[in-house]
Amino acid sequence: METIVTDSPQMAAQFLRAGQTVIFPTETVYGLGANALDATAVLDIYTAKNRPADNPLIVHIYNPNQITQLGRNVPDYAWTLVEKFWPGPLTLLVYKQPIVPDTTTAGSDKVCLRWPSLPLTQEFLRECGLPVAAPSANLSGRPSPTRWQDCLEDMEGRVAAILTGPDATFGLESTILDCTGTFPVLMRPGSITLEQLAQVVPAIQLPSQATALILPGTKYRHYSPRAQVIILTANQLPLDFSGPFAYIGLTDPAQFFSQPPTHQLIVTDVTEYGSELFAFFRECDRRNLPAIYAEPVPPQGVGRALMNRLSKAASQI
Ligand code: TXA
Ligand code: MG
């Protein structure tokens, strides 16, 4: 399939309305979209990404009226969160209406809803005039794409169109909250932080060990470059070895290594660390570096999301 690259949200929306797959920018990462209400179109997303059929998709909306069109039994606290944080990088899991096909939710009776804040995304979604199912626009298992060029690298020939836009501001995927119970449960940390959410819904819960095992992202290897990712620990230091390696962190790598890294990125704060992480992973793969050492940060605020993605990238399963 020929992949059209365009900066026109109107043109990109035409492809989507015709039942085809379209990659589009958001404030978190790029998404690979199709009409969420068309099971055949949604199936093409799974094929394009090599995504396992049991891993459900987030449905992107552009108008809060769509919440009740697609979801049901939406609790009061979810409406409060919508009021406070939408549009933005927060995804809410609610019970689904029958109009949402099982293919979109991978057979679940619950659906993830998200209203992105990037103006270009909103324009694209309005032009589509439909709810758009979209996972991150990477090949399954690869780091999420934060630049349209990353999408082209993974997906050229596999999707009908790519809508080009700015590099993602946040660079980590949206925060996901399960809103199907009495209290909201944090399913995936993101740049809307637990601390921010707790100010609005003090009863917010972290998943228990047992449920964590069945939560998204815990089952499949995620966010991984080909290089081995190693999170630095205090007792490893200082490291002395030959051969190429990369480093990302807040601290000067001279503190950790006896020779300079082949490739490095020193970030100034945790927010920049989050927005640059996946792009850095991809750059290391382009340079064929076998190992990436990453400095850990305290798991608070955006640091919680960052450490979640780093741990997943570092795990060998
Ligand atoms: O920032 C984001 O959320 C980006 C942009 C494109 O919006 N999207 C994204 O999608 O990260 P994806 O598919 O890469 O991650 C969505 C996660 C998956 O781990 C999936 O298992 C989970 O959300 N998920 C989606 N629908 C679900 C459902 N009905 N029940 C449980 N988990 C669900
Ligand atoms: Mg993903």
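The values are calculated or read from the model by the stated rules, or taken from the named source; none is laboratory data. In this text, all values refer to a predicted model and were calculated from it rather than measured experimentally. Glycine also receives a Cβ, built like all others from the backbone with ideal geometry; neighbour counts cover every protein chain displayed. To get the accessible areas, we keep the full protein, side chains included, count just its heavy atoms, and leave off ligands, DNA and RNA. Shrake-Rupley method; radii C 1.70, N 1.55, O 1.52, S 1.80 Å.
Annotations for the structure displayed:
- Filter result for V42 (away from ligand 1 (no atom under 14 Å from the Cβ), among the hydrophobic types (A, V, I, L, M, F, W, C) and touching a Ser or Thr at 6+ places or on another chain (Cβ under 7 Å)): no
- Filter result for the condition that a residue is closer than 19 Å to T28 by Cα and among the β-branched types (V, I, T), over V229, V302, V297: V302
- Among the candidates V74, V82, residue that is farther than 20 Å from G157 by Cα and in a loop (DSSP other than H, G, I, E, B): V74
- Only one of the listed residues (P64, P52) is more than 21 Å from the chain's Cα centre (by Cα) and either in a helix (DSSP H, G or I) or not aromatic (F, W, Y) (or both). That residue is P64.
- Taking the numbered list (1) under 26 Å from R158 (Cα atoms); (2) touching a helix residue (DSSP H, G or I) at 6+ places or on another chain (Cβ under 6 Å); (3) of a type outside the set (V, I, T); (4) crowded, with 21+ Cβ neighbours inside 10 Å in turn, K49 passes all entries but (2).
- Here is the figure for segment 161-208: residues that are modelled with pLDDT under 95 and either among the aliphatic types (A, V, I, L, M) or loosely packed, with under 13 Cβ neighbours inside 10 Å (or both) total 2.
- Considering Q122, Q97, the condition of being modelled with pLDDT of 95 or more and out of contact with any Phe, Trp or Tyr (no Cβ under 9 Å at 6 or more places or on another chain) is satisfied by Q97 alone.
- Strands (runs of 3 or more DSSP E) contained entirely in segment 133-194, each with at least 3 residues that are more than 16 Å from ligand 2 (Cβ to nearest atom): 161-163
- Residue within segment 88-102 that is part of a helix (DSSP H, G or I) and within 29 Å of S311 (Cα to Cα) present: no
- Candidates are the residues of segment 209-233 that are more than 16 Å from ligand 2 (Cβ to nearest atom), open to solvent by less than 80 Å² (accessible area, probe 1.4 Å) and modelled with pLDDT under 70; the one that is nearest to A294 (Cα to Cα) is A212.
- Residue count, segment 56-84 (criterion: farther than 18 Å from T180 by Cα and open to solvent by less than 30 Å² (accessible area, probe 1.4 Å)): 2
- Test: T105 is within 30 Å of R282 (Cβ to Cβ), buried (at least 24 other Cβ atoms within 10 Å of the Cβ) and among the polar types (S, T, N, Q): no
- If you filter segment 11-46 down to residues that are crowded, with 24+ Cβ neighbours inside 10 Å and in a loop (DSSP other than H, G, I, E, B), you find that the one that is nearest to ligand 2 (Cβ to nearest atom) is V29.
- Look at segment 23-34: where a residue is free of Cβ contacts under 8 Å to residues at least 60 places away in the same chain, no partner that is within 13 Å of ligand 2 (Cβ to nearest atom) and assigned to a loop (DSSP other than H, G, I, E, B) sits 6+ places away or on another chain with Cβ atoms under 6 Å.
- Cβ pairs under 9 Å, 6+ apart, first in segment 81-96 and free of Cβ contacts under 8 Å to residues at least 40 places away in the same chain, second part of a helix (DSSP H, G or I) and within 16 Å of ligand 2 (Cβ to nearest atom): K96/T104; K96/T105
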